[in-house]
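Below is one structure; the comments refer to it alone.
The values are calculated or read from the model by the stated rules, or taken from the named source; none is laboratory data. Nothing here was measured: the structure is a model prediction, and the numbers come from that model. All Cβ positions, even for glycine, are placed from backbone atoms using ideal geometry, and neighbour counts span all protein chains on display.
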């Protein structure tokens, strides 16, 4: 009887440990924000947000890395402020376990208004752009 109870306990402990370890390995992915907007707007840092939370003040020719839980996330970028503005264009990305999602910050100039927004890019495009960018590890 003691052997059966012991075997059951060991089985439960091993199963819960393996399950927790699997969740830990599969529970996060990364979002890379890339900024290479050229000369226009290069003097102003862009404020980036994930799910409405300020994550980085990103200058030109820089990129930042953010670990996030797996699932859908809303990214946005704006010129100023550390709180996400209602009018800021939101962009939804799907983060996969252990994968990287690359989000490029785009700056458009117009006659009467300037606009910045996020767009997802492929890994190949991102790696090519990152050859001239520097990681910003202190972007807060």
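Can you work out which of the residues in the stretch 98-111 that are loosely packed, with under 12 Cβ neighbours inside 10 Å and closer than 17 Å to residue 78 by Cα is modelled with the lowest pLDDT?
In this case the residue turns out to be 110.
Of the residues 72, 47, which is touching a strand residue (DSSP E or B) at 6+ places or on another chain (Cβ under 8 Å), surrounded by fewer than 16 Cβ atoms within 10 Å (Cβ to Cβ) and in a strand (DSSP E or B)?
Values: 47 fails: surrounded by fewer than 16 Cβ atoms within 10 Å (Cβ to Cβ).
Step by step, each of 72, 47 is checked, and only 72 is touching a strand residue (DSSP E or B) at 6+ places or on another chain (Cβ under 8 Å), surrounded by fewer than 16 Cβ atoms within 10 Å (Cβ to Cβ) and in a strand (DSSP E or B).
Looking at the stretch 116-127, which of its residues are touching a residue at least 12 places away in the same chain (Cβ under 8 Å) and loosely packed, with under 11 Cβ neighbours inside 10 Å?
Result: 122, single match.
Considering only residues that are within 25 Å of residue 132 (Cα to Cα) and within 11 Å of the chain's Cα centre (by Cα), which ones fall in the stretch 69-94?
Answer for the stretch 69-94, where residues must be within 25 Å of residue 132 (Cα to Cα) and within 11 Å of the chain's Cα centre (by Cα): 75, 76, 93.
State all residues of the stretch 75-84 that are surrounded by 14 or more Cβ atoms within 10 Å (Cβ to Cβ) and assigned to a loop (DSSP other than H, G, I, E, B); if no residue qualifies, say none.
Of all residues in the stretch 75-84, those surrounded by 14 or more Cβ atoms within 10 Å (Cβ to Cβ) come to 75-79, 84.
Those that are surrounded by 14 or more Cβ atoms within 10 Å (Cβ to Cβ) and assigned to a loop (DSSP other than H, G, I, E, B): 79, 84.
For a quick check of your reading of the model, give me the residue pairs whose first member lies in the stretch 60-76 and is free of Cβ contacts under 8 Å to residues at least 24 places away in the same chain, whose second is surrounded by 15 or more Cβ atoms within 10 Å (Cβ to Cβ) and assigned to a strand (DSSP E or B), with beta-carbon atoms closer than 8 Å and at least 6 apart or on different chains.
Pairs that qualify, where the first residue is free of Cβ contacts under 8 Å to residues at least 24 places away in the same chain and the partner is surrounded by 15 or more Cβ atoms within 10 Å (Cβ to Cβ) and assigned to a strand (DSSP E or B), are 72/93; 72/95.
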